[in-house]
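Please treat every number below as a calculation from the coordinates, not as lab data. No experiment lies behind these values; they were computed from the predicted model shown. Virtual Cβ from ideal backbone geometry, glycine too; neighbours counted across all protein chains shown.
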Amino acid sequence: VPTYEYYGFAVYLGSTALFILYITWALLGPERLERWIGDLGYPSPWWATAIPAWCVVLLLYIYVALACYNIQVLTPKLNDTRCMTDSHA
């Protein structure tokens, strides 16, 4: 019985429905959604742009921090013999 395919399809449908609800909430605002669905206590639409923006800034910070870590910590000093040769030479 292919149960894992059914679970994957259910997750796909659920995530698509949540994404459509998220986009609707972000574009229309909670006032119109409350008229259609009812009062569910939606947060401010400001969070629809703030959380993705924070995630992008976090990813950029991680990218720069890892590059700096690789340069400062993992790169051997210029007077180290590993800069001239390696274990295969």
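Summary of values
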{"item": "Sparse-neighbourhood loop sites, trypsin sites (Lys or Arg not before Pro) in region 20-89 - DSSP loop, at most 12 other Cβ within 10 angstrom", "result": "Lys77"}
{"item": "Label-point separation, Asp80 to Leu59 (7 Å along Cα→Cβ), nm", "result": "3.1 nm"}
{"item": "Label-point gap, in nm, between Arg32 and Val73 - each point 7 angstrom along Cα→Cβ", "result": "4.8 nm"}
{"item": "Extension gain, Ala48 back to Val11 (0.36 nm per residue minus Cα-Cα distance, nm)", "result": "11.1 nm"}
{"item": "Backbone HN-Hα couplings from phi across region 52-69 [Karplus 6.51/-1.76/1.60, Hz, Gly and Pro as x]", "result": "x, 5, 5, 5, 5, 5, 4, 5, 5, 4, 4, 4, 5, 5, 5, 5, 5, 4"}
{"item": "Calculated [θ] (222 nm, deg cm²/dmol) that DSSP helices of n ≥ 4 give over the chain, each run adding -39,500 (n - 2.57)", "result": "-22000 deg cm²/dmol"}
{"item": "Length gained when the stretch Ile20-Ser87 is fully extended (0.36 nm per residue, less Cα-Cα span)", "result": "18.6 nm"}
{"item": "Calculated Rg and Dmax of the Cα atoms in Å (choose from (1) 14.3, 41; (2) 11.8, 33; (3) 24.4, 73), label", "result": "(3)"}
{"item": "Region 1-42 shape via C-alpha gyration tensor axes, a/c threshold 1.5", "result": "prolate"}
